[in-house]
Each structure stands twice: as C-alpha cells, then as structure tokens.
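Every number here is computed from the coordinates shown, using simple stated rules; none is lab data. Quick caveat: nothing in here was measured; it's all calculated off a predicted structure. Backbone-built Cβ (ideal geometry, glycine too); neighbour counts: all protein chains shown.
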C-alpha cells in the first residue's frame, strides 16, 4: 500500500517535472527541473530497492550530465531559439514522430508483459547471501547482458569521438 | 540536428567583456583593465588609468624647488627615497652642484634599501596574486625592518622627504650603520626562504614559465624599463650606463633574463635583492667622512635651461625633465618619466592570448604603483 | 518505533549540531594555523587566544544585511546556498565515526557511492550561485566550478573503484572491517589511490591550490561575490563541512577509520584503551591540518593547468591503478 | 661630480674643456632682452668667477642675488617668451650621430642646443619624422629607445608648444633630445611607428597640452576623464581647476592672473 502511494506520487511528480522542463521559458530553470526529475526517478529506484541504481542515477545524471548541460547553457548564447534558424514545423513533425514511436514502444512493452507471467524471470537467485544488488547487477551485466553492455559502450565511444570532431576547431 | 546546429550561429559563444578594476583585489590600486574574453582567454585588453591623477607635475610648477621634494614622495609611494634622489640629482645637474662624497654614499645606501623594500612589496603582492599568500607576509616582515631603518634616519616610514638639493638634510644617526649591517644579515637568510617557497615550486613554475613572454626588440620598442626590460635580456641599468650617486665606485652585477617571461622577471628581482645587499655592504664599508651637504646657494634658482636626468628606480628608469626659466623660484616645467607608466603600456601586448588568471600574474610582474602611473 | 524513528532522529540532531560546531571551529583552526605558518598570531581579541572568534564570526554574519542584487534571479539566488549546504550535511548520515552502531546514523550497502553522488549534487549550489547573481565574475566562477568538479569527480570515483576492489564492499563500515581483517590499513595497500583521492578531494572542496571558483585575486571572490550575511555564511559552512567529509572519507578508506594502528598486532593492544572515535578524530585532524597547511603554502593553479592535471594525469593514473589492483586481486 | 658621471661622454668632454665660456653667454644671448636686470648681472658674475670650477662660482651670484629676490619670490607678471636653447659652444666636439645627421639631412635641422651635457636637436614638425627615423636607424645613433616624450608650454610665443623626445640608444648608451615647436591647433606627426612606446606618451601630451598627433593609432585622453574640457598642463590652465573665464578666453584669464600675482607681491 505504502509503496503504491509512493509510486503514484512519484509518477505524478516525474511527469509534472517533465512537462515543466519542456514548458519553462528560462533554459536554466528548465535544466533544474530536469535535475529534480532525475532525483525523483532515483527515489523511485530506492522504492524498488535498487539502491545502486538510485545512487548511480544521481551520480551520473544529476551530478554529471546535467552539470554539463548547465555549463553549456551558461556558456552558449541561447537568446535566439533554434527555431529562428530552421523550419519550426519540421521540428514539430520530427518531435511528434519521435514521441509517437516511444509511445508505441511503451505500449508494446506493456502489452507484451501482460501476456506473460511476471515475476518468474528474476534470475537473481540471491547468490551466497549478498546484501544489496550491486553484485547481482555486476553478474548480470557481465554474463547475460554482455553484448548489449558492450554495444552500449561502443555507442558511447562513437558519440564521444563525434563530439570531439564537432568541437575541434579548424586550424 | 546537433551536428547541423554546431556550425550555425546558435552555438556562438559571446565575447564577455569584463571590467577588471578600478576596484579589484589584484590591480594594485585603482587600475582598470577592460578585458574582452573568449571563455577565459583574453582577446583584447584596454588599460584605463588616471583614477588617482593628482596633477603632481602641475603642482610642482607652482611650488618652490625645495618643496617639490615632498611632492615626489607621493608618486611612487613605496619607493619615496628613490623619487627624492632622482629629483635632487636632476636639479643638481641643472645647477651644477657638487654633492659631497659621503652624501652620495648615504644616498646609495638609502636608494638600495628602498629597492629592497619595493621589491619586498612586489614579491609579496605578486605571489599573493598567484595564490601563495604566505610569501606576502614573509616579504612584508622584512620590509618592516627597512621602514624602521628609514624611520630612524628621517622620522618617516613611507613618505620620507629624505634628501635635499645638494646633499642630505641629516647625517646618519650613530649606530644606524650597524643596524643596516644587521638587516643585511637578516636579508641574506630571508631571500633563500622566499626562494624555497617559490623558485622550484612546480605550481609557481607552471604559473610563471612562458607567461607574458616579450622579446628584447619588443621590450625596447615598447619602452619597457627596469626588470621587465632586463628580463628580456637587454643589458640596461641606469646605475651602470649613466652612473649617479656612488654607483660608479661600487661593484655590482646586473642580472639578465633569457626568455623574457614572468619567471625570469621574478628571478631578476630576487637577484637584485642580493645585489642591493652587496651594494649596501660596500657602501657601508667605504663610507667616507665629511659633510653631507654641498655648497648650495641659499636661494635655489637654476639658470635658464632644461635637462633630462634618469636614475634606476626599483621599477625602472625614473626620469625627470626639468625646465627652469631662470627667473622664478619654481621650475617652469617639471616632467616625470614614470617607469610604471611606461611599463604598464606593455600590459596589453603581454596579456592578449593569455587567460584571466594570467592577467593578474602579469600585472604583478610589471610591478606598478598607480601613484606613479597617474601622478 | 524507538529504534526506527526516535533514535535515528536523535542521532541526526546530535550529528548536525556537532558538524555545525565543528565547522565554526574549523574556521578558527584555519585562521590560527595559517597565522602560525605566516609567523603571526591570528585572531587574539575575542576570548582567550581568540577562541571565541569562532562564535563572533557567525554572529557578525547573521547580523549583517542580506543583499540580493537587483537583477538577480531571486529564487535561485536564495536556493543556491541551501543547495550547497544540504548535500554537505546529508553525507554525514553514512559516515561511521566508530565501530559501534552508536557512532553512525545508518550504514547502507552503497555508502561510498552515496557519498560521492550526494556531494556531486553540491556543485549545483556553486553553479547556480554564480549564474543567479547575474554578474560576470561569479558567472566565470561557476563555469570554472562546473568543469572542475566534474573532471575531478571522475578522477576520484575512478580511484575509489580500486579501493572498492580491495575492500570488496561499498559499505563504509564494511571497508573499515575489511581493513581490520587484513590487518593493514589500505593507505599502505593503495598509496597511489590515497594520494589521488587527497588531490581530488582538495579540488572537489575548492581548496587551495585548486580554489579557482573563488579565487579572490582573479575573480574577486568568485561565485559568492554577490553574497553577504547569512547566505554567504552558508557557503562557508558548506565548504568546511565538505572538507570534513573528505577527511572523514580519506580516514575511513585509507587509514582504518576508528582502528588503532596495526589492528592485528596483539602487542599493541594497550592502544585500544584509547576509544575508537578518538583515533578517528585524531586522524581526521591530521588531514584537516594538512589541507590548511597546503593552503598556506602553495600558489594557485590556473584553470587550464587544473584541467590538464585532472584529465591527463589523475584519470590515467586512476585507470592504471584499477588495472594493477585488478591483476593483483585475480592473482592473489 | 658636477658633470662627468651624470651626462655621458659628450658632457665629460665639455666640462673639462670649457664651461665658463660656453654657458654664460648662452644664458644672456637667449633672453637678454626679455630678462630683468638680475639674471644679466648674474651671468657676468658667473663668467668671472668660474675659472675652471663651475660649482665654486655658484655661491657668488646667489649671494649677489640674495638681498633682491627675497621680497619678490613669485613669478613675474609676464610669462617667459620661450626656452633658452643655448647653442653648443663652437669648440665642443659634436657626437658622431649629430655630424652624421647634419650631413644626411642638410637644412632639415632648425638648430642645435647644448646645456649641462644634454644635446637637443631642434626641428620643425615636417622634418620630425625624417630626423627621428635617421637618429633611430643610423649606425652612429641607433636611438632605439624612446625614454620620454613630453611637451612644454610657452603661451605668449606664436608656436607655444615645445614637444620633446628624449631618446636613448641601448647599444651605444647615449642620449639626445629632439625638440619640435608647434602652435596651438597645429599637429605634429606621431612617432608611434618608430617607437611603439610613444603611444601612451603622445596620448598624455594630447591630454595634458592638447597637441594633436597625426597618425596616432588611438589618440584619446589618458589621465583625465574622457569628457574633460581643456588641457590641464597648459600654462593658462589654473592650478585650482577650470573656471568660466578660463574656458571662454584663456589668454585674458592669464593676463588677469598675472596682474593679481603682481598685486599680491606689492
């Protein structure tokens, strides 16, 4: 019961903050709403007893990535909105398309998981009485999900190289 | 989308214009530097001065020849005795007064003490600008000893009024020379102490090596003088080139830099500590007997004529250009060539291309006193 | 009820007060130590040997006028000091000051990560303070702060991985217990990591020689230029609280927390007469003193040099350290 | 001491050679007409007494002058007409750069002056750049260092400003001054192209005297605030700051001030 209340409160908060991120006129404020959003997600993880994920969520997203966002927002002149340079309708179409795709995906997941018996999948038969889930997570990442993990890291590497190429100055 | 936009002007970073000063902890007074920054890199700088312009040159043209000595104190107020010396020497040159040898020796001692005091202040503030705050207090501790010596000699600690046209107002008090020797001994120990804190300190090296490099040709062209000029390897010291006071009778070396960077200028000033101590010791050893005041007419009134005379102040070539019309008891025109003013002109070429943090290091390395820049 | 709510609350209350008092006296300690380093006396007027200066300062700051610049972002301007202080205080909840349960609020299984992640939130205080002031020097400072803190957070976190590898746990209590089991403080096992964490800790708390975001000589006080009164005091509290956290973490990770020297040597058992928490605070004090000493001695790094040190020196060494530790772990 | 160490080689030669002949006539020549009695009386006294040691001669004129100037210490009502610019004594050997300059630019040099060991080359504004460039580049001169650049104001004179360039050679360690006369509103070519050091110095002369420098890259006020009226170092600019009369007609103000000074003296 308590968990359900926590979940729904957090869900409302997360959604509300998400809307706030998109609608706030000041960019810095909107970035801050994003931080709050991430913190709420972290609390959600805690409720799900995934402390490690929660902490990593705070560390990586709130403590790292969004700080970089703020850095960029403060450094870069954002007085002129990007729409001034491009066709706003094209962006709107792109956005609609993307969000539609995400929505579809979510719906698919929901439908798919309804069709199956839920909890049996947990492969984490508590190994040798480990407290917490850090070690479990590690096992899973390096055994069952090794290929997605490696693919993700290669993807990040590509992104990093791309960023360096973009940022490099012609000289 | 991001890739497209990166080229578009949305991601242009605006140049940030910041005002460093007139009130800023590191501008050594009321100096204002308008910096145009790209991120933290200085794209351009405009040096704005004049905030404490008191019209000293104009005032001098309305004061007696003797009264002016007081006014010169107020220019480079951390090296007042040097200013006195420059002015008195110039008037003596104009009037062709011979200064007794003893007075010349004592003047040399005073000027060199003053150089140490001024360099102490420079070292302290320069190190403080770069964040080493302990050096500041160490250097001020030794400067205090010099101020005590001056207080004993002439009764004042900052604005000395310690010289007269034709000589000195007073002979040295008894026992003063012993105290000066003791001070030299103290300084012998303290200079290595400063060096220990800074010279081989990695952070200090990184902050000063290759920062504000200026070539010998540029330094000469910009009219830099004193340690900034010698830092670029130009052998130029008024004490050697156009000797005054007792410098032609004393031995000392002129330290020269090789790279012309902030670190070289730092090393030069530290070496000047040692050379000044050496000069003071020699002058004390060879201190002749005799009067300290030359034969000077009761009414000081140089014949009509003009002259330029320079001495080596702690900051560089301190020149006086004085015109007498031969009729009034005040100079017709008195011009001071302030070393800080001419060195400060070199700030802009030095800072462009460096970071904000280097700007404070470079203001420090030039060693300016705004009282002298603005007069 | 008593165990789950009242006692933790009491502990939190005591801890909060202790931390705040410690922080006030830290300022006095800093002033005194720096004064001694500079051959002067430091504060001497308020109370015997200036001891009460630590109380006079907060009183002065509280009574001062609290100014908000006209064109500042009022909400964020007020929020920023709070944002920087709160994480610094929250972290103390997982710091064990002794082996007994009495000496810590809670011991969670990801304690170390919790500390890192919560302190990383503290950056927002500095960044927002600089931005919300709507003033140029603070803005430059907050740009510096964000870049600096992220770079050094990566370095420190990577270094800590090797410590976690050695200890086999993320729990703060567990790490100390691991040192007791092995009979060796990790400072001797992981000396490189210790040095890296110390340097990274200096950088993360914006202490000299890495005090760029508040470099008075360059940025006239940096991110807190526009702050006065109590709000300024909050930044101050946060800085010193962070310092205490870092020293506590270093003590726990590398110098055996509340353990006596050579915890496995029976011949030294008489050292156990000294309670564990005294050992703990003694070790912390040494590092606090070291922090202050460094501040009195070293010049300040420049922004790009700081970045170079972080990215090109500390992070590669940290990675190498992980590899070496991993190899040893597998071999032994 | 009087000469030798202070003023470099030319001075050393001159002081031993012949101070007594050279200077006093110079002093009287220049402004015998303008001067009242005493300086004229002073000059012969100096001439007679200084049979080799100038310093010894000093007390005499001073002693002679002592009773008179006491009650009259203030500036005389009429401002001096101009600097003395004593010509160099005939038998004084000229430094090599000056002979080279005279040979290279005949007719461009308005005059030479010599006083207490300092050489001054007097030129007109149009010849300034040629002379300056020659002094800077010639092997005998190589005056690569612009020590100082300043001006002097002599209001009653037609070309009221003397702009002075104190040059120094870091290689040959010698000094020379260039003097250019310029009228109010007349401009002088800027030497910033030769010596970048002149940049601020010319700005200061513009600020303080209002001498315009053509070709200066950035001629703004430097010491006074940007919107300042007047040029403070001019002789007709009052010490206590600008008043209304000064701003309207400076010469009238100067005449009134001199009259007031005279009244005060009496």
Problem - All-pairs alpha carbon distance profile, the range B:228-375, 5 Å steps from 0, percent - result: 2, 8, 13, 16, 16, 15, 12, 9, 5, 3, 1, 0
Practice task
Report, in degrees rounded to the nearest 10, the 0 to 90 angle that the Cα long axis of helix C:123-132 makes with the longest principal axis of chain C.
Solution key: 10 degrees
Exercise for the section: Take the Cβ-Cβ distance between residue C:49 and residue B:200 as r, set R0 to 25 Å, and report the resulting FRET efficiency rounded to the nearest 0.05. Expected result: 0.10
Problem - the range D:94-249 - percent relative contact order, Cα under 8 Å, separation 6 or more - result: 17 percent
Practice task
Give the relative contact order (percent, whole number) for the range A:1-68; include only Cα pairs under 8 Å separated by 6+ residues.
Solution key: 29 percent
Handout entry: For chain C, built as a Gaussian network whose Cα springs stay under 10 Å, the top-fluctuating residue of C:136, C:32, C:64
Key = C:64
Fill in the blank from the handout: Relative to chain C, whose Cα atoms define the longest principal axis, helix C:136-167 and its Cα axis are tilted in degrees, nearest 10, by 0 degrees
Practice task
Only residues of the range B:253-270 count here: report those whose backbone N is under 17 Å from the spot 7 Å along Cα→Cβ of residue D:173, or say none.
Solution key: B:253-256
Practice task
Report, for the protein assembly as shown, the % of DSSP beta bridges that are antiparallel, rounded to 5.
Solution key: 90 percent
Fill in the blank from the handout: Shape call for the range C:67-331, from the Cα gyration tensor axes a ≥ b ≥ c (a/c under 1.5 means rounded, otherwise prolate when a/b beats b/c, else oblate), comes out prolate
Practice task
Mind jotting down the distance between the C-alpha centroids of the range B:62-101 and the range C:238-254, whole Å?
Solution key: 59 Å
Completion exercise
Full extension between residue C:188 and residue C:63 adds, at 0.36 nm per residue less the Cα distance, a length in nm of 40.2 nm
Exercise for the section: Could you work out how far apart the two model spin labels at residue C:327 and residue A:92 are, taking each label as a point 7 Å from the Cα in the direction of the beta carbon, and quote it in nm? Expected result: 6.1 nm
Practice task
Would you mind getting me the FRET efficiency between residue A:26 and residue B:15? Use the beta-carbon distance for r and R0 = 22 Å, nearest 0.05.
Solution key: 0.45
Handout entry: Inter-centroid distance (Cα atoms) of the range C:54-125 relative to the range D:215-236, Å
Key = 54 Å
Problem - Shielding of C:247-259 by partner chains, average beta-carbon count, 10 Å - result: 0
Practice task
Averaging sequence separations of C-alpha pairs under 8 Å and six or more residues apart, then dividing by the length of chain B, give the relative contact order as a whole percent.
Solution key: 26 percent
Completion exercise
Under the 7 Å Cα-to-Cβ spin-label approximation, residue A:102 and residue C:134 lie apart by a distance in nanometres of 3.3 nm
Practice task
Apply the Debye scattering formula to the protein assembly as shown, with a single equal point scatterer on each alpha-carbon and no solvent, then give log10 I(q)/I(0) at q = 0.05, 0.06, 0.08 Å⁻¹.
Solution key: -0.46, -0.62, -0.93
Fill in the blank from the handout: Simple spin-label estimate for residue C:101/residue D:259, 7 Å along Cα→Cβ, in nm, reads 10.5 nm
Problem - Residues residue B:43 and residue B:259, FRET efficiency given R0 of 22 Å [Cβ-Cβ distance, rounded to 0.05] - result: 0.35
Handout entry: Kirkwood hydrodynamic radius of the range C:181-288, Cα pairs, Å
Key = 15.8 Å
Handout entry: Cα gyration tensor category, rounded, prolate or oblate, for chain B with a/c compared to 1.5
Key = prolate
Problem - Shape of the range C:7-117, Cα gyration tensor, a/c cut at 1.5 - result: oblate
Problem - Cα centroid separation - the range A:1-72 against the range D:82-109, whole Å - result: 85 Å
Problem - Cα-based helix-to-principal-axis angle, C:53-63 vs chain C, degrees rounded to 10 - result: 50 degrees
